[in-house]
2 protein chains.
Amino acid sequence: MTQVDHTRMANAIRGLAMDAVEKAKSGHPGLPMGTADIATVLFTQFLKFDAAAPTWPDRDRFVLSAGHGSMLLYALLYLTGNKDMTLDQIRNFRQLGSKTPGHPENFETSGVETTTGPLGQGIATSVGMALAEKMLAAEFGKKVVSHHTYVLASDGDLMEGVSQEAIAMAGHWKLNKLIVMYDDNGISIDGPTSLADSVDQVKRFKSAGWAAELIDGHDPKAIAAALTRAQKSNKPSLIACKTIIGYGAPTRAGTAKAHGEALGADELKGAKEKLGISLDAFSVPDDVLKAWRAAGSRGTAAREEWESAFAELGPRKRAEFERRIRHERPAALSKALRAHKKALLDSPQNVATRKSSESAIEAIAAAMPMEFLAGSADLTGSNNNKAKSAVAFSAKTPKGRFIHYGIREHGMAAALNGIFLHGGFAPNGATFLVFTDYARPAMRLAALMGAGVVYVMTHDSIGLGEDGPTHQPVEHLSALRAIPNMRVFRPCDAVEVAECWELALNRIDGPTVLALTRQNLPQLRTNAPNDNPCAHGAYELVAAQGDAKVSLFASGSEVEIAVAAQKQLTERGIASRVVSVPSLELLLAQPADRKAAIIGNAPVKVAIEAAVRWGWDAVIGQDGDFIGMHGFGASAPAKDLFKHFGITAEAVVNAALKRLG
Amino acid sequence: MTQVDHTRMANAIRGLAMDAVEKAKSGHPGLPMGTADIATVLFTQFLKFDAAAPTWPDRDRFVLSAGHGSMLLYALLYLTGNKDMTLDQIRNFRQLGSKTPGHPENFETSGVETTTGPLGQGIATSVGMALAEKMLAAEFGKKVVSHHTYVLASDGDLMEGVSQEAIAMAGHWKLNKLIVMYDDNGISIDGPTSLADSVDQVKRFKSAGWAAELIDGHDPKAIAAALTRAQKSNKPSLIACKTIIGYGAPTRAGTAKAHGEALGADELKGAKEKLGISLDAFSVPDDVLKAWRAAGSRGTAAREEWESAFAELGPRKRAEFERRIRHERPAALSKALRAHKKALLDSPQNVATRKSSESAIEAIAAAMPMEFLAGSADLTGSNNNKAKSAVAFSAKTPKGRFIHYGIREHGMAAALNGIFLHGGFAPNGATFLVFTDYARPAMRLAALMGAGVVYVMTHDSIGLGEDGPTHQPVEHLSALRAIPNMRVFRPCDAVEVAECWELALNRIDGPTVLALTRQNLPQLRTNAPNDNPCAHGAYELVAAQGDAKVSLFASGSEVEIAVAAQKQLTERGIASRVVSVPSLELLLAQPADRKAAIIGNAPVKVAIEAAVRWGWDAVIGQDGDFIGMHGFGASAPAKDLFKHFGITAEAVVNAALKRLG
């Protein structure tokens, strides 16, 4: 391609971005204009993709980490010929129901690999994608799995702390097929980045084991040469591209004004004149469009070649690969869990739920050894989510199925998103429940995208004891339940643990938190019916003898307390029932009649949870009694804490008696 | 001090740490044993402090970022003679009510500068402390303010992403009095750090503008030489100290086993024999204790010198300094806000609450120009929290009172903690409400510590419009309200904004979130009584004409909708009242009778908030109607979204009519 071709093709992106933002009267023209040269080189010469087959498993992934520059991506999808991305969609940029939302949303738009916008998430998610590629390639062979993950990142992405966690992991794992192009335009919203930053990014990435270099982001030859070097590197690569934000805008180019607002009629006209683009809105010259469409079908041959290689895998391996990519669970899973539950009924486990989770994991990992992908943020021995058979993943052991994420909860959660989005694995990551705070932005994205990842969150209350209030979650259950499409399970014993694991793994349209105890708990369940009782969020664990005067609701470690309180009430001749609530928000989402039946109509309702009340009024009512935490915890042995904070069977009984008068 | 003295002094720390963990049967001996040499050099030769005056404003700060090594700090406090830290406290390590909790808690223990344990927080908080020092020194002079901030950080601290945000800020601001000693022991909980990490920390810190070097952390001369160099540097300094975790333990030294559990009788005995320490638990030889006590009073002369210099400031400046350190607000503040509210009543502002917050800030900053310290994570023009008169802080303009934090919400929130803990400022930081997710670990610590910081969180609902669901908070109000001791205000108009700012600034025992709109709102309030109505969390904004059949509860931008609905109901002859709820959790915390009076007993209760219902049942009951969000938002103009999601006066009226039958 000649220089002229390149420039006209890049200008087509610029034109569409300017026009779309102008029409929407909102959006971010600066990034698409500044990075059009980078994107043009990448999409016309390097990116392996076939616009006609946007879900081809072996496509290169392109992640626009700087999601605010969404018009870059929409323009590329339209120009390369993704059939869902019409000019009408681009005209409807940022309007209700369009496929062109303000920030790229993979669940809305074909060809968008992940949802970005919250800065740092794209680059961190891409590490999970590149990790998944490396692992799948080792398993299925390089003829079937061999693609790059390209990321376009901004200053903001690299200032966010999660980017450090991500690049440290990528460097350590030598994810050489991960290539980050940094739009080094020197401008942030407040003005020049020099207002707030003086990090040397090339040196920073090198310190994390990356190849890194600085180039002119408007020189197509330099871009191509750097990409070629990056493809050959045995390390992940950073290409810092010096660019001019809003390239072409006569007065705003190179200024913060170009970043996040429509240019306005005059500036837009001036930019188009300067760039030599037609003043007609949304117009792309035929020959330019044709060149772009050719780029969009550039990968067709590669895809067809891949189809042949895939066919050679043989029917069993093909079916396995396709099932894995679809996130369909193997038949062996439910069978294994059924057997596991039966074994629990035969010989009950009176252990911490993190330990019964470990037993469940042994059964699960045996049923899906290559796809069950666990990992921990440096708490492996405490989180108990490593199957005995699992080998640690490393650059040298890419078939390892346990990831040591380091002390990087946020990076871990973002990587889990990338692993899930890539396909091929049922990923879970572990830390203490309190540290979900660190991972929350990525967990929210999982919920928004509907990513079926699992968080194994142990040490789920003051029951962790001596580590004290910094380590004791009290508001976290509530704060997680408040996230739409987030499922939070807090099982009360080994049987519920198995049931919740089953629900979590079969939930492929959203994430699940498993909140597990540090401390031992008795096995309360004496049955394990096929219609998983946890599936409705709550169920009557122990019925009342006669008409219930009191309903006791509890989750996790406090179900034991509810059962003990029930016994004391029975001794006093008061009929009560115990409702186990492994998932409060799932109970509340049940159809009204089922919800009412579970909650029941006993005149006195008491909820027991070693956490804050926030949210429980929806079950027990404003006048219900809540036995739980009213503030932060403290450092002491767990038993002392439950007593100190009054979370005891006696407190439950007293509350009920007081109400009964 | 001779080498022998040093070793015996360091071993006193090791002995106490081993004994305390052994007695508690839990805790972390590895770090205190590994870093005892570093701490001994620092505390006996460098740290400016007077154990008899732990709150002396010009003391050097020592932050144990690796909070799990709390016994290091407790041992140092005891040995140097902090009068609250007795041997009995150390014997009660990790027990209920002791001053020696599992992780250091500044609100429990004199001499502890900040609460640590969640990794990365200490180092990030220390940046705020060093920043406050630089600013106060520029204002009050170096005779009164001139101290260092020393940090002891672990691998985990440096793996956490927030550390990158923190070091980037410190490097950019040239906080040369910040000195971080990195306990480079090569061991994390899962095993050698090489399992998960290969970052070259010296290079990494250098890339962020730090001086950085690697030394032997068991060589007191090397430690002293490095500290001397660091004190002379014009940059912040990293001293990576190669150490052996659990130094002295015969079989566990240098292994993960030394990290987080009691050594056990045999290993402990072996360690003591190897180190030449008495086998008696909690014993420190008299001469060693005497040497330590001498180190603890080493700074007495410096403190007395400081008292003289401080006296020379003159009474007005002295009083100002002391008031500021106490976090007492100036009398001018309430006067200024009173005048501001009067002006609002005289000429109402129908603007976004982020804009009315800007007006309030102008009044506030005028009343306390040097202590009102605002800043934004690169959204200054959107957050509107910069007073016109405020100059940007930089290394060259240390009297600047607006901080460009860069795109670092988490680092900003941690720095706010450090600024507050240091004293001298009323700090606030700003971003979009949705990004509180990024800052949450530091915000939780603020709540736990009772730090009076303010978060200016704009774009507080789907009302932000086109940026879409990644940028639209729906669960954040609820998730923040769930944090104990966190105050969340969502004012409905300019008058409430002023009232909430007043409450926020006067709240010096806990943090406050101000949730503010992007979109314009009418000024609904026509009065501004001296007893701030927002102080009770909610109040009747518009009374019913006659006996209310319907109570409408709303916060922020939805109060306008409630008022509109009330009008429609009135037209239909239905008496209703509007209750403005600027702080839901504060309403719920009111005494029962006041709460009942505010909530009232209208048969129909409707709550309106462009967010999830989670938490609102406590006001409206299980059967109450909620007009709000039931999932994530979408990308579209704000008006389209309110209609699309059914958050309208019509929806409120219909819900009420349906209930009334």
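For segment B:117-140, name all the residues that are closer than 11 Å to B:Asn417 by Cβ and within 14 Å of chain A (Cβ to nearest Cβ).
Scanning segment B:117-140 gives B:Gln121, B:Gly122, B:Ala124, B:Thr125, B:Val127.
I'm trying to understand the selection: among the residues of segment A:192-201, which are surrounded by fewer than 19 Cβ atoms within 10 Å (Cβ to Cβ) and more than 7 Å from chain B (Cβ to nearest Cβ)?
A:Pro192, A:Ser194
Among strands (runs of 3 or more DSSP E) lying entirely in segment A:537-629, which contain 2 or more residues that are in contact (Cβ under 8 Å) with a residue 12 or more places away in the chain and under 22 Å from A:Arg518 (Cα atoms)?
Once the strands (runs of 3 or more DSSP E) in segment A:537-629 are filtered for at least 2 residues that are in contact (Cβ under 8 Å) with a residue 12 or more places away in the chain and under 22 Å from A:Arg518 (Cα atoms), what remains is A:550-554, A:604-609, A:625-628.
Quick one: A:Gly381 ticks every box in (1) facing another protein chain (nearest Cβ under 10 Å); (2) closer than 27 Å to A:Lys235 by Cα; (3) part of a helix (DSSP H, G or I) except a single one, so which number is it?
(2)
Let me confirm something: among A:Arg338, A:Arg293, which residue is part of a helix (DSSP H, G or I) and in contact with a Gly (Cβ under 9 Å, 6 or more places away or on another chain)?
Going through A:Arg338, A:Arg293 in turn, the sole match is A:Arg293.
So if I check each of A:Pro54, A:Pro32, which one is touching a Leu at 6+ places or on another chain (Cβ under 7 Å) and either over 22 Å from A:Gly217 (Cα atoms) or not small (Gly, Ala, Ser) (or both)?
Just one listed residue meets the conditions, A:Pro32.
Quick one: in segment A:384-404, of everything that is more than 21 Å from A:Glu362 (Cβ to Cβ) and within 14 Å of chain B (Cβ to nearest Cβ), which residue is farthest from the chain's Cα centre (by Cα)?
This residue is A:Lys396.
Please find, within segment B:65-116, the residue that is farthest from B:Gln45 (Cα to Cα) out of those that are part of a loop (DSSP other than H, G, I, E, B) and among the aliphatic types (A, V, I, L, M).
B:Leu96
Hey, any hits in segment A:86-103 for a residue that's under 24 Å from A:Ala222 (Cα atoms) and either more than 22 Å from the chain's Cα centre (by Cα) or in the same structural domain as A:His218 (by the TED database) (or both)?
No, segment A:86-103 has no match at all.
Can you tell me which residue among A:Arg329, A:Arg303, A:Arg293 is closer than 30 Å to A:Thr458 by Cβ and either among the basic types (Lys, Arg) or touching a Cys at 6+ places or on another chain (Cβ under 9 Å) (or both)?
Just a single option satisfies the conditions, and that option is A:Arg329.
Tell me which residues, restricted to segment A:391-417, are in a loop (DSSP other than H, G, I, E, B) and crowded, with 21+ Cβ neighbours inside 10 Å.
Correct list: A:Phe393, A:Arg401, A:Tyr405, A:Gly406, A:Ile407, A:Arg408.
Here's a check for you: in segment A:250-272, which residue that is without any contact (Cβ under 8 Å) to a residue 12 or more places away in the chain and over 40 Å from the mean Cα position of the chain (by Cα) is surrounded by the fewest Cβ atoms within 10 Å (Cβ to Cβ)?
That would be A:Asp266.
Yes or no, residue by residue, for (1) more than 10 Å from chain B (Cβ to nearest Cβ); (2) assigned to a helix (DSSP H, G or I); (3) of a type in the set (Val, Ile, Thr):
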| residue | (1), (2), (3) |
| --- | --- |
| A:Ile419 | yes, yes, yes |
| A:Gly424 | yes, no, no |
| A:Asn428 | yes, no, no |
| A:Met443 | no, yes, no |
| A:Ala451 | yes, no, no |
| A:Met457 | yes, no, no |
| A:Leu464 | no, yes, no |
| A:Pro469 | no, no, no |
| A:Val474 | no, no, yes |
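Sort through A:Gly646, A:Gly624 and tell me the only one that's at pLDDT 95 or above and within 13 Å of chain B (Cβ to nearest Cβ).
Of the residues listed, the single one that is at pLDDT 95 or above and within 13 Å of chain B (Cβ to nearest Cβ) is A:Gly624.
If you go through segment A:133-175 one residue at a time, how many are within 17 Å of A:Gly411 (Cβ to Cβ), charged (D, E, K, R) and either without any contact (Cβ under 8 Å) to a residue 60 or more places away in the chain or surrounded by 24 or more Cβ atoms within 10 Å (Cβ to Cβ) (or both)?
The number of residues fulfilling the criteria is 3.
Residue under question is B:Gly171, and the condition is that it be within 11 Å of chain A (Cβ to nearest Cβ) and within 23 Å of B:Phe46 (Cβ to Cβ); does it hold?
yes
Read through the list (1) within 11 Å of chain B (Cβ to nearest Cβ); (2) assigned to a loop (DSSP other than H, G, I, E, B); (3) out of contact with any Gly (no Cβ under 6 Å at 6 or more places or on another chain); (4) surrounded by fewer than 19 Cβ atoms within 10 Å (Cβ to Cβ), then give the number of the only condition that A:Gly633 fails.
(4)
Give all pairs with beta carbons closer than 7 Å in which a residue from segment B:83-99 that is more than 14 Å from chain A (Cβ to nearest Cβ) and on the phi > 0 side of the Ramachandran plot meets a residue that is surrounded by 17 or more Cβ atoms within 10 Å (Cβ to Cβ) and not hydroxyl-bearing (Ser, Thr, Tyr); count only pairs at least 6 apart in sequence or on separate chains.
Short answer, once both residue conditions are applied: none.
When B:Arg252 is evaluated against the numbered criteria (1) away from every other protein chain (no Cβ under 11 Å); (2) basic (Lys, Arg); (3) touching a strand residue (DSSP E or B) at 6+ places or on another chain (Cβ under 9 Å), which criterion, by number, is the only one it fails?
B:Arg252 satisfies all of (1) away from every other protein chain (no Cβ under 11 Å); (2) basic (Lys, Arg); (3) touching a strand residue (DSSP E or B) at 6+ places or on another chain (Cβ under 9 Å) except (3).
The values are calculated or read from the model by the stated rules, or taken from the named source; none is laboratory data. As the structure is a computational prediction, the values presented were derived from the model and not from experiment. Cβ atoms come from the backbone with ideal geometry, glycine included; neighbour counts cover every protein chain shown.
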